[in-house]
Structures are given as structure tokens and as C-alpha cells.
Amino acid sequence: MKPLCCLLALAPMIAGMPVLAQNPIAELGGSTYREKAVYAVYDLPGTTRQADAIEGIVLDALRTYARNAQVRYGIPLSPYPDYPSQMTIGQRLSGGPKPDCAGELLSIEGLDTSMAKYGEKIYHRVCLFPYSGGLRINYFALYGQQSGAGNANPNVLAAMLGRAIGGAMGLGDSSATINKLLAKLENGLQTAGIGFKLVQLHPRDLAGRTLVEDDILRPATRAVATAQVQATTTEPAQPAQTSPAQTTAMMPAPLPPAMAQLQAALAQQREMARQQLAAQLPPQGQPERKLAAAVARKELTAMGLQYFSQEQFLAAIHRGDALAVDLFITGAGIDLNAGAPGATPLAIAESNGRQDIVALLKTSGAR
């Protein structure tokens, strides 16, 4: 009971100090589990032939905190794309984020259990993606923390006390090792003479990290920019006619103007490609379906998704991504009815109130 007594004694000092957004005194009742995610993308321009060196640098940084690591080699796109693939953050069946990689050169995972005795663990995953101009490192970390007097782990109260005292002294919890790992990764790249820049970061205010604007346009952004330039040099185009199926696919909750514009550009680009290729085939239904599936699979790959991944299909439904769901359906690589009782694609969409996705699924034969 000593940790409990100490926490109560320190109440006036620590009641207003959050550690991972918590108040230690309010946590004394029951049991609570929290997770915090960190995500970073490093661009390494002009380093397409240094994958082995980067693997060693990543492993060296990772093993500082996670003794055991797993390395898996992937199948990258050939030829390398102009814009690199990217780690996608899906959702675990038990809830919480789950990183997935497709088209990577290699993937490295590690679990830091050095503080597991005190109810804290950190999962790390690093994926290395190639593109025509270099390589990109995608890093994901998930920090988990237990708290509360009702927790079955007898050491959790002592850990709460330690975090409370550390917070009062300006120290953080063990998730601070994530930032230290990034610092060691950056130092390893510098020592090896490999140029890099940090182009994506969450949370953006991570101490010691310098975020640089990404100077490579995404394919959809490039298409929008090209269309804007053409609009200034040609006569105004007539409004594009959309089919009922396309209209249904564009019915999610209101999006920010930039995102809505990107989705519209993607849909228009896909339709144009379908029409151009369809003109070269006989006017028969089966070839057109095969053509639409090929176009959809290509777009999913460009988005870092696998057209045959049932898990990624369900994750798209969970997050309400109607465009991705439409592409998965058109790609014809997933089962529209596969899932546990009450957790089929249609049931998930209905429970989330996504009538636009429900309509897509029912139109395509989902039950």
C-alpha cells in the first residue's frame, strides 16, 4: 500500500499534471489502459542502392530499446514508382491502430518489454519503400500504458507513483524512448553520409524533430495541379456527367475542400482511364468488367493497399473511406460477405451509419 499512500500524499502537487493525458489521483479507482502512437516519414533522395546500410542503421537504433527484432523482405513495385508507397494505418480487431506495408523493400518490427513489469510496452515497426528518386523510411510506434489501483498487475501503482514524481520533475514516461530512437536513427544516417529529411510527423510537436515540407507531389495532387493549369489555357469545360453509382460513392460526410477535390480528381482519372482502354476492346460486358477491375487494382496499389486484403477492405469500411471501398469492390479480390456474425462488411457499414457504403455494398450483392 506504500505507493497508494505516496500518491495520496503527493495529491496537491500532481493533481494537475497529466502524464499521457491522465491525472494519477483520478486513476486510483478501477483500471485503465492507454495507447499513444507516433508516426514519422523520412525521405532519403538518391539512395536507391543503400538498402542494406539503412537496414543496419534501423536495427542498431531499434535494438537499443527492443532486444528482439524481426526483418521481413517484401516485393516492391517494378519499375519503382515516381511517388513512394506508404505505410497504411488500419485497425486491429481488438481496436487501436495497426500498421500495414505493401510494396516495401523490407520491414522491421520490434517490441520493447523492458518496462512490461510496470505495465508499459512499446511496439515499433519500420518499413523501407523505394521510388524512382530514392528511398523512404516509414516509422510507427505504439506505446501502451496500464494504470489504476484495480489493475491485476501489482507493480502498476508503483509505476504510477514514478510517473507522477517524474512529471513533477519535468520528466516523461518510458514513451520518451521513442524520440530517443528517432534521434539515434537520424544520427546513424548522418554518420553513414546518407542525406535525409523528415517530411511527415505525428505528433508534429515531437521535441527535437525538424519537419521539412515534402517537395514530391502525390499523384492525385499532381493531377489536380495539371487540370488547373489546363483550365487557364483552354476553354471552360462542360461539367462532367456522373453515373448514379459514382454519385452514391461520393456521399460520405462533408470533407475538407482539398480532400473532396482530390477524391473527385481520382474518380475522374479512373473513369477516363476506363473509357480510353474500353475503346480498344469489343463492346462486351465481360472484358469491360475485367478492365474496370484492373484499373481499380492499380489505384489501390498506388494507395499502398492490396486489392485482395480482406482486412484492409474491412478497415476502409470502419473508417468510412467510401472511395477505397468502391475500389476494393471493383477490384473483385475480396469477399463482400466474409466476417464474423454481426461483423460482415454490410453489418459494419450499417452499425457505423454509413449509408453511402451500405448502398455500395448492397448494389454489388452484399448480404
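The values are calculated or read from the model by the stated rules, or taken from the named source; none is laboratory data. Remember, predicted model here, so these are calculated numbers, not experimental data. Cβ: placed from backbone, ideal geometry, glycine included. Neighbour counts: every protein chain shown.
Numbers for the structure displayed
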| read-out | value |
| --- | --- |
| Residue list for the stretch 64-85, filter: under 24 Å from Ser175 (Cα atoms) and crowded, with 16+ Cβ neighbours inside 10 Å | Tyr65, Ala66 |
| Selection count where residues are among the hydroxyl-bearing types (Ser, Thr, Tyr) and free of Cβ contacts under 8 Å to residues at least 60 places away in the same chain, scope the stretch 79-123 | 6 |
| For Arg319: the one exception among (1) within 22 Å of Pro99 (Cα to Cα); (2) touching a helix residue (DSSP H, G or I) at 6+ places or on another chain (Cβ under 7 Å); (3) not small (Gly, Ala, Ser) | (2) |
| Residue in the stretch 327-345 that is touching a residue at least 12 places away in the same chain (Cβ under 8 Å), closer than 20 Å to Arg92 by Cβ, in a helix (DSSP H, G or I) and more than 20 Å from the chain's Cα centre (by Cα) present | yes |
| Set Val126, Val156: member being buried (at least 20 other Cβ atoms within 10 Å of the Cβ) and modelled with pLDDT under 80 | Val156 |
| Top-ranked residue in the stretch 331-362 [being buried (at least 22 other Cβ atoms within 10 Å of the Cβ) and at pLDDT below 90; ranked as farthest from Gly74 (Cα to Cα)] | Leu360 |
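One line per residue, one yes/no per condition, for (1) under 20 Å from Lys298 (Cα atoms); (2) touching a Cys at 6+ places or on another chain (Cβ under 9 Å); (3) hydroxyl-bearing (Ser, Thr, Tyr):
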{"position": "Ser309", "(1), (2), (3)": "yes, no, yes"}
{"position": "Gln312", "(1), (2), (3)": "yes, no, no"}
{"position": "Ala322", "(1), (2), (3)": "yes, no, no"}
{"position": "Gly331", "(1), (2), (3)": "yes, no, no"}
{"position": "Val358", "(1), (2), (3)": "no, no, no"}
{"position": "Thr363", "(1), (2), (3)": "no, no, yes"}
